[in-house]
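Some notes on the structure that comes next.
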Amino acid sequence: MAASPPNSMTVREPWLDPSAEPYIRIEQVTKCFGEFVAVSDVSLNIYRSELFCLLGGSGCGKTTLLRMLAGFEEPSSGKIFIDGIDMSGIPPYERPVNMMFQSYALFPHMTVEQNVGFGLKMEGKAKSEIADRVAAMLKLVSMTQYGKRKPHQLSGGQRQRVALARALIKQPKLLLLDEPLGALDKKLREQTQFELVNLQEKLGVTFVVVTHDQEEAMTLASRIGVMDHGRIVQVGTPKEIYEFPNSKYVAEFIGSVNLFEGQLIEDKADHVRISCSELDQPVYVAHGISAAPQARLWVAIRPEKIHLSLEKPAQHENWTRGIVKEIAYMGDLSVFLVLLASGKTVRVTRPNMWRHEHEQMTWEQEVFLHWHDSSPVVIGA
Amino acid sequence: MSSRVSWSRLSALVFGFAFLYIPILSLVVYSFNRSKLVTVWGGFSTQWYGKLFENTQILDAAWLSLRIAAINATGATLIGTFAGLALARFGRFRGRTLLSGMTTAPLVMPDVITGLSLLLLFVAMEQAFGWPAGRGVTTITIAHITLTLSYVAVIVQSRMATLDGSLEEAAMDLGARPVKVFLQVTLPMIAPALVSGWLLAFTISLDDMVIASFVSGPGSSTLPMVIYSKVRLGVSPDINALATIMVGLVTLGVITAGLFMFRKERLRIRDMQLAVSAS
């Protein structure tokens with residue numbers, strides 16, 4: 001495999017390049033509504049052409065942060081820069097930013113064409129130019145034949161496309177999307193996710209997406225910022241967030257995870273050993289960690305990274321004994337709930353690659369759970 | 001069993017309708033009475049309609065009432081809309097509770113008190129700076145606007161409360177300044193509320209006698225005032241004819257509006273079904 005030239009690397013992952021200039025700079029932004037702190041001291045750099053997802057549960061402050069980027073709310077303290085320009089005091093109608101609303105907010109008294117052309121009309125563009133650009137935009141989102149319809153004559157997916165076209169037509173420096181796929185049914189959502197990513201790559205517009213759906217964030221994002229109680233708790237690529245969560249909150253929020261409380265018993269530069277009271281054998285991790293000796297820690301293991309076997313594993317670490325309590329057949333995979341001697345229930349998912357593969361695994365069967373020494377993630381308590 | 005239930009329901013229905021409409025019906029019937037005596041049937045005739053159109057006093061009063069009602073409705077809609085808008089959209093500004101209370105106060109204030117206080121105000125104003133000179137059409141219109149703008153404000157405010165606020169934000173986000181947002185997005189959205197507010201203000205003004213009696217002057221008697229003063233001298237059948245015409249107009253208006261709304265709703269539902277089945 002040929003080594004990729006270094007500059008293509010910086011284009012794809014500008015956040016790794018210390019000399020790269022961030023396109024959107026959020027500096028120590030705090031927003032309070034009376035006593036309630038919605039966003040608390042958030043600093044964040046977003047780079048040109050990124051598709052950045054703000055992920056978090058309801059009330060975590062992600063929408064407030066988005067509304068501050070749009071200009072609907074002013075930060076109580078801190079500053080936001082877009083393309084080097086301080087946005088303080090600049091009203092929404094003067095920002096080089098457009099937003100796609102969760103409810104789509106299509107104007108019900110206007111046709112699709114009038115909705116899409118609204119932004120250009122407000123700029124005072126000539127009628128012929130508006131018509132041309134609206135036509136081009138509707139073509140881009142495959143809605144050409146619906147131009148004369150009113151929003152109530154469209155299905156949910158069509159409305160979503162119109163809202164997207166309306167937000168993109170002014171060629172914003174930054175497009176904000178508030179739960180862009182929240183109102184669509186599951187099948188349409190999956191299809192639309194990929195369309196959205198393709199469109200973003202084609203246009204090169206910087207996207208900031210707010211979502212509570214971790215699967216959506218994983219599919220869409222170049223990077224994810226996980227938010228909790230008004231703070232950004234972790235920023236990273238979907239893979240980093242999933243494989244190396246930096247806190248219990250992130251580990252539990254992204255996908256499902258088995259967490260075991262433990263104590264550091266051996267701390268070497270190339271490996272550590274952790275004793276967990278809930279597991280029969282100690283956990284061996286094949287890399288060093290930075291933690292105080294004897295520290296209380298959490299060990300996180302993803303359900304798909306645990307193997308099941310009927311024979312006792314040969315090694316001394318990284319396994320435990322349990323009894324199968326539940327088996328759920330999900331089609332592409334099976335979920336096993338295994339009860340350990342300590343009373344802890346562990347979730348294990350195995351792919352159903354072959355038919356009848358797991359047939360010897362039945363209810364009340366004693367099994368051994370084991371995992372590779374690269375699978376556990378150690379999280380500070 | 002079911003026949004017993006339906007009998008009781010039917011009688012309740014008949015009683016209800018009779019209670020509501022027999023007075024109006026008798027009025028309509030007696031407008032076609034040949035006899036001059038209102039309570040004695042003397043055969044069918046349309047003579048009172050002819051008499052009505054010769055009675056310039058009633059026709060003038062009706063025309064005056066319609067003019068006042070139209071001006072009042074327009075003025076009340078204008079001011080009431082801004083009041084409703086401020087209450088619904090400008091958040092918790094200083095004095096909001098006061099404004100809210102003061103706009104809705106005329107709704108619960110007895111007409112007699114409103115009328116009397118306005119009369120005192122107009123007299124005091126005339127003495128202080130000579131305007132309004134005497135009582136007449138102007139004072140009635142101002143008094144009616146005072147009363148009806150609160151109805152408009154309440155209607156507009158409740159319409160705004162159900163409106164998706166993100167529509168206005170979306171317009172602003174797309175580069176519309178606040179005035180443009182109002183004209184291009186908010187106004188078309190609340191137009192139905194403005195129409196119903198206008199109609200309500202029109203009706204209330206047309207109907208009002210108490211306040212108008214207080215603040216009217218010589219030569220500015222509205223229709224209700226003329227009818228009332230005529231009836232005091234004995235009911236004359238041409239009043240019945242006038243009332244019949246008014247009932248007829250209102251009925252026509254209500255039926256037309258109902259049909260229009262019904263057809264619009266049916267079309268909307270059909271469109272939505274088409275959109276869903278097409279996708």
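The values are calculated or read from the model by the stated rules, or taken from the named source; none is laboratory data. Worth saying up front: this structure is predicted, and the values here are computed from it rather than measured. As a convention, Cβ positions derive from the backbone with ideal geometry for all residues, glycine included, and neighbour counts pool all protein chains shown.
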Check: Which members of the range A:278-306 meet the condition of being assigned to a strand (DSSP E or B) and surrounded by 17 or more Cβ atoms within 10 Å (Cβ to Cβ)?
Finding: A:Val283, A:Tyr284, A:Val285, A:Leu297, A:Trp298, A:Val299, A:Ala300, A:Ile301
Check: For A:Ile80, which of the numbered conditions (1) modelled with pLDDT of 95 or more; (2) under 22 Å from A:Val250 (Cα atoms) fails to hold?
Finding: (2)
Notebook entry, point to check: Which residues, taken from the range A:359-380, are in contact (Cβ under 8 Å) with a residue 40 or more places away in the chain, part of a loop (DSSP other than H, G, I, E, B) and either crowded, with 18+ Cβ neighbours inside 10 Å or of a type outside the set (Asp, Glu) (or both)?
Noted result: A:Gln360, A:Met361, A:Gln365, A:Trp371, A:His372, A:Ser374, A:Ser375, A:Pro376
Next item on the list: Could you give me the residue pairs with C-beta distances under 7 Å whose first residue belongs to the range A:61-73 and is surrounded by fewer than 21 Cβ atoms within 10 Å (Cβ to Cβ), whose second residue is assigned to a loop (DSSP other than H, G, I, E, B) and aromatic (Phe, Trp, Tyr) wherever it lies, and which are 6+ apart or on separate chains?
Entry: none
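Only one residue in A:Ser58, A:Ser40 is surrounded by fewer than 14 Cβ atoms within 10 Å (Cβ to Cβ) and in contact (Cβ under 8 Å) with a residue 60 or more places away in the chain, so which one is that?
Details: A:Ser40 fails: surrounded by fewer than 14 Cβ atoms within 10 Å (Cβ to Cβ).
Going through A:Ser58, A:Ser40 in turn, just one is surrounded by fewer than 14 Cβ atoms within 10 Å (Cβ to Cβ) and in contact (Cβ under 8 Å) with a residue 60 or more places away in the chain: A:Ser58.
Okay, residues lined up against (1) part of a loop (DSSP other than H, G, I, E, B); (2) polar (S, T, N, Q); (3) within 14 Å of another protein chain (Cβ to nearest Cβ):
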{"site": "B:Arg135", "(1), (2), (3)": "yes, no, no"}
{"site": "B:Thr141", "(1), (2), (3)": "no, yes, no"}
{"site": "B:Tyr151", "(1), (2), (3)": "no, no, no"}
{"site": "B:Ser158", "(1), (2), (3)": "no, yes, no"}
{"site": "B:Leu167", "(1), (2), (3)": "no, no, yes"}
{"site": "B:Met172", "(1), (2), (3)": "no, no, yes"}
{"site": "B:Val179", "(1), (2), (3)": "no, no, yes"}
Notebook entry, point to check: Restricting the range A:307-323 to residues that are under 19 Å from A:Val335 (Cβ atoms) and not polar (S, T, N, Q), which is surrounded by the fewest Cβ atoms within 10 Å (Cβ to Cβ)?
Noted result: A:Leu310
Note to self: For the range A:77-101, which positions are at the interface with another protein chain (Cβ under 10 Å from one of its Cβ atoms) and of a type in the set (A, V, I, L, M)?
What the structure shows: A:Val97, A:Met99, A:Met100
Check: Restricting attention to the range B:42-61, and to residues there that are under 24 Å from the mean Cα position of the chain (by Cα) and buried (at least 20 other Cβ atoms within 10 Å of the Cβ), which single residue is farthest from B:Thr138 (Cα to Cα)?
Finding: B:Ile58
Next item on the list: Filter the helices (runs of 4 or more DSSP H) completely within the range B:1-104 down to those with at least 1 residues that are in contact with a Leu (Cβ under 7 Å, 6 or more places away or on another chain).
Entry: B:47-54, B:56-89
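Take the range B:238-279 and flag every residue that is within 14 Å of chain A (Cβ to nearest Cβ) and within 22 Å of B:Ile22 (Cβ to Cβ). Steps first, answer last, please.
Step one: of the range B:238-279, the residues within 14 Å of chain A (Cβ to nearest Cβ) are B:264-279.
Scanning the range B:238-279 gives no hits.
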Next item on the list: Among the helices (runs of 4 or more DSSP H) lying completely within the range A:102-195, list those that include at least 2 residues that are surrounded by 20 or more Cβ atoms within 10 Å (Cβ to Cβ), at pLDDT 90 or above and within 11 Å of another protein chain (Cβ to nearest Cβ).
Entry: A:112-122, A:156-168
Item checked: Verdict on A:Val210 being at pLDDT 90 or above, assigned by TED's automatic domain parsing to the domain that holds A:Arg25 and more than 16 Å from the chain's Cα centre (by Cα) -> no
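Check whether at least one residue in the range A:303-320 is in contact (Cβ under 8 Å) with a residue 60 or more places away in the chain and of a type in the set (Lys, Arg), and report yes or no. Can you show your working first?
If we filter the range A:303-320 for residues that are in contact (Cβ under 8 Å) with a residue 60 or more places away in the chain, which is where we start, we get A:305-309.
Okay, now just the ones that are also of a type in the set (Lys, Arg), so A:305.
Within the range A:303-320, one or more residues are in contact (Cβ under 8 Å) with a residue 60 or more places away in the chain and of a type in the set (Lys, Arg).
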Check: If B:Leu200 passes every condition in (1) under 30 Å from B:Leu85 (Cα atoms); (2) within 14 Å of chain A (Cβ to nearest Cβ) but one, which one does it miss?
Finding: (2)
Notebook entry, point to check: Which of the residues that make up the range A:76-116 are of a type in the set (A, V, I, L, M) and under 11 Å from B:Ala170 (Cβ atoms)?
Noted result: A:Met99, A:Met100, A:Ala105, A:Leu106
Notebook entry, point to check: Does at least one position in the range A:309-322 carry a residue that is under 25 Å from the mean Cα position of the chain (by Cα) and in the same structural domain as A:Met353 (by TED's automatic domain parsing)?
Noted result: no
Check: Out of (1) among the small types (Gly, Ala, Ser); (2) more than 27 Å from B:Phe202 (Cα to Cα); (3) modelled with pLDDT under 90, what's the single condition that is false for B:Ala18?
Finding: (3)
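Any residue that is touching a Pro at 6+ places or on another chain (Cβ under 7 Å) and under 29 Å from A:Gly84 (Cβ atoms) - is there at least one of those in the range A:191-208? Lay out the reasoning, then the answer.
Of the residues in the range A:191-208, the ones touching a Pro at 6+ places or on another chain (Cβ under 7 Å) are A:196, A:205.
Checking which are under 29 Å from A:Gly84 (Cβ atoms) leaves us with A:196, A:205.
Yes; the residues of the range A:191-208 include at least one that is touching a Pro at 6+ places or on another chain (Cβ under 7 Å) and under 29 Å from A:Gly84 (Cβ atoms).
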Checklist line | Given (1) more than 14 Å from chain A (Cβ to nearest Cβ); (2) under 20 Å from B:Thr146 (Cβ atoms), index of the condition B:Leu194 fails | finding: (1)
